[in-house]
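The structure under discussion appears below in the form of structure tokens.
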Amino acid sequence: TVRPLLAKYCVDCHGPELAEAEIDLAGFTTVERVRRNVTVWQKLAEVLDSGQMPPPDAKQPTTEEHAALLEWTRSLLTREAAAHAGDPGPVVLRRLSNAE
């Protein structure tokens, strides 16, 4: 569902020929490739959420398409954050002082 939206609204400016802001979204053909470079998707989520992209003079997605792309990006970032969270290790309990 995401690849057609990227091809329709994003790849013209963020593709292999132009790659504005040094972002080439055409290379993300599988979820594994997306997972290897999550920082691009963090930037994408930020600009989608703030309404900076697509720019006003470009073809605009419908509200449903915009919401679908943003939701997919957020869920990907949430899953990746959970997968790489790691174990914080043992939590040391400390005795409180009288003032605390």
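The values are calculated or read from the model by the stated rules, or taken from the named source; none is laboratory data. Every value quoted in this text rests on a predicted model; they were computed, and no experiment measured them. Neighbour counts are summed over all protein chains in view; Cβ atoms, including those assigned to glycine, are modelled from backbone coordinates with ideal geometry. Surface accessibility is based on the protein's heavy atoms, side chains included, excluding ligands, DNA and RNA. Shrake-Rupley method; radii C 1.70, N 1.55, O 1.52, S 1.80 Å.
Look through the stretch 16-27, keep the residues that are out of contact with any Lys or Arg (no Cβ under 9 Å at 6 or more places or on another chain) and aliphatic (A, V, I, L, M), and return whichever of them is surrounded by the most Cβ atoms within 10 Å (Cβ to Cβ).
25
Keeping to the stretch 2-27, report how many residues are closer than 20 Å to residue 61 by Cβ, more than 15 Å from the chain's Cα centre (by Cα) and of a type outside the set (Gly, Ala, Ser).
Of the residues in that region, 8 qualify.
Residues of the stretch 55-80 being surrounded by 15 or more Cβ atoms within 10 Å (Cβ to Cβ) and outside any helix (DSSP H, G or I), which ones?
61
Give me the pairs: first residue in the stretch 6-22 and at pLDDT 80 or above and of a type in the set (A, V, I, L, M, F, W, C), second residue open to solvent by less than 50 Å² (accessible area, probe 1.4 Å) and part of a helix (DSSP H, G or I), beta-carbon distance under 7 Å, and six or more apart or on different chains, which are they?
Within 7 Å, the pairs are 6/25; 10/25; 11/25; 11/26.
Looking at (1) free of Cβ contacts under 8 Å to residues at least 40 places away in the same chain; (2) under 18 Å from residue 4 (Cβ atoms); (3) open to solvent by 60 Å² or more (accessible area, probe 1.4 Å), which is the only condition residue 88 fails?
The failed condition is (2).
Which one is farthest from the chain's Cα centre (by Cα), of the residues in the stretch 28-54 that are open to solvent by less than 30 Å² (accessible area, probe 1.4 Å) and without any contact (Cβ under 8 Å) to a residue 40 or more places away in the chain?
28
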